[in-house]
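Comments concern the structure below.
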């Protein structure tokens with residue numbers, strides 16, 4: 001019989017408490033329990049990066065963490081980053097440069113790109129590629145994604161946001 | 001896919017975790033960072049009755065210099081090792097290897113001890129521990145014991161850990177002042193499983209190499225010390241002739257297993273190429 005565990009997680013700034021089955025992944029909890037469907041599920045074994053979310057300030061795979069493991073932690077999703085304006089410039093750059101087509105990978109790509117912008121302000125183009133290597137995109141061929149991130153990196157450096 | 005159902009326990013101390021493990025034995029699995037275990041659950045390759053989540057055992061996390069050893073707690077994240085100035089100063093091989101482990105989102109979560117206990121033949125940390133002569137610290141209700149890395153990795157995904165034991169740390173001799181290290185790995189894409197990799201360390205003085213250690217990953221069921229190649233280099237100058245002799249010696253001791261994309265001969269060739277590059281870097 002399935003066992004449930006009371007779990008409290010602060011999601012995009014708001015604490016939520018639910019009883020969850022141990023086997024429920026964090027990304028399924030966010031999507032199905034909270035209706036935050038911006039984080040996507042695809043491979044469900046850590047390869048594609050579509051489920052990338054931030055836990056206690058660091059990105060991870062939402063399909064490789066159980067919701068019960070996030071008990072007491074802070075989770076930020078693409079909805080939170082988008083609504084707060086934290087990645088407005090990054091989203092604009094993706095729009096301008098057509099850095100998405102179907103958009104399935106885009107939330108995960110943006111989450112990873114924001115961690116790069118925050119942690120690696122001096123990154124070169126090659127280092128951007130390396131940092132982004134864990135997010136698969138089957139439409140763009142990556143060039144426009146790398147271009148967008150590089151453009152934001154340069155713009156944030158210039159405006160002192162980094 | 002989704003994981004099958006399992007029970008879940010989150011002990012608050014190592015003693016409590018050991019007690020749970022002793023009680024449930026091989027029906028239980030320890031959950032550390034979960035970056036290998038959760039995929040295997042999702043793919044339904046593994047179906048434990050109980051997961052024992054070690055996530056609250058902060059006593060198992062951390063990096064500290066203790067006397068002449070660097071002690072790395074089992075729950076230390078890959079990313080913490082990658083960014084640690086203490087690691088960069090005293091075990092630079094680990095700092096060189098860390099960026100090769102999967103991707104940032106996985107390095108933020110995966111743990112050092114989890115990787116050692118998993119003992120994947122293509123993993124970076126087991127080969128590094130072998131090259132560095134690390135001791136693996138293991139605890140059970142019976143007490144604590146230390147196992148040399150050379151005796152810890154036994155077979156494919158199998159270690160010296162008994163069913164009631166938890167890997168708590170590794171102790172790594174701090175690098176000597178004249179020590180040099182190199183970590184190289186070939187993968188089809190950054191972050192993919194290694195086709196073959198090498199962790200190399202040696203002391204270099206007056207143009208000669210001493211205490212040469214060459215450990216390979218991805219060439220066998222376990223990480224492998226290339227003892228003949230090491231002997232070919234020990235105490236001598238690391239010149240082109242010595243490097244060529246070491247590369248030849250690898251042919252006598254490495255018997256790589258073919259994988260889906262690379263024949264055994266290709267893997268041996270790539271191991272030699274990496275060895276040559278690593279030794280040239282040690283000598284430079």
If we keep just the residues of the stretch A:60-77 that are within 10 Å of chain B (Cβ to nearest Cβ) and in a strand (DSSP E or B), which is nearest to residue B:6 (Cα to Cα)? A:66
Residues (over 15 Å from the mean Cα position of the chain (by Cα) and under 18 Å from residue B:32 (Cα atoms)) located in the stretch B:62-76: B:62, B:63
Scanning the stretch A:25-45 for residues that are under 13 Å from the mean Cα position of the chain (by Cα) and without any contact (Cβ under 8 Å) to a residue 24 or more places away in the chain gives A:37, A:41
Helices (runs of 4 or more DSSP H) wholly in the stretch B:201-284 with at least 2 residues that are more than 27 Å from residue B:148 (Cβ to Cβ), over 20 Å from the mean Cα position of the chain (by Cα) and modelled with pLDDT of 95 or more - which ones? B:240-253, B:264-283
From the list B:79, B:151, B:109, pick out the single residue that is more than 11 Å from the chain's Cα centre (by Cα), outside any strand (DSSP E or B) and in contact (Cβ under 8 Å) with a residue 60 or more places away in the chain. B:109
Of the conditions (1) touching a helix residue (DSSP H, G or I) at 6+ places or on another chain (Cβ under 6 Å); (2) more than 14 Å from chain A (Cβ to nearest Cβ); (3) surrounded by 23 or more Cβ atoms within 10 Å (Cβ to Cβ), residue B:91 clears all except one; give me its number. (1)
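Among A:122, A:115, A:86, which is at negative phi, in contact with a strand residue (DSSP E or B) (Cβ under 9 Å, 6 or more places away or on another chain) and in a loop (DSSP other than H, G, I, E, B)? Break it down stepwise before answering.
Working: A:122 fails: in contact with a strand residue (DSSP E or B) (Cβ under 9 Å, 6 or more places away or on another chain); A:115 fails: in a loop (DSSP other than H, G, I, E, B).
After ruling out the rest, the residue left standing is A:86.
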Within the stretch B:184-197, can you find the residues that are over 28 Å from residue B:31 (Cα atoms) and either touching a strand residue (DSSP E or B) at 6+ places or on another chain (Cβ under 9 Å) or not in a loop (DSSP other than H, G, I, E, B) (or both)? B:184, B:186
Please specify each residue of the stretch B:7-36 satisfying the condition of being under 17 Å from residue B:117 (Cβ atoms), within 11 Å of chain A (Cβ to nearest Cβ) and in contact with a strand residue (DSSP E or B) (Cβ under 6 Å, 6 or more places away or on another chain). B:31, B:32, B:33
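Name the one entry in A:26, A:36, A:30 that is crowded, with 22+ Cβ neighbours inside 10 Å and farther than 18 Å from residue B:35 by Cβ. Walk me through how you get there before you give the answer.
Working: A:26 fails: farther than 18 Å from residue B:35 by Cβ; A:36 fails: crowded, with 22+ Cβ neighbours inside 10 Å.
So the residue among A:26, A:36, A:30 that is crowded, with 22+ Cβ neighbours inside 10 Å and farther than 18 Å from residue B:35 by Cβ is A:30.
The values are calculated or read from the model by the stated rules, or taken from the named source; none is laboratory data. Keep in mind that this is a model prediction, so the values were computed, not measured. Don't worry about glycine lacking a Cβ; one is built from the backbone with ideal geometry, like all the others, and counts go over all protein chains shown.
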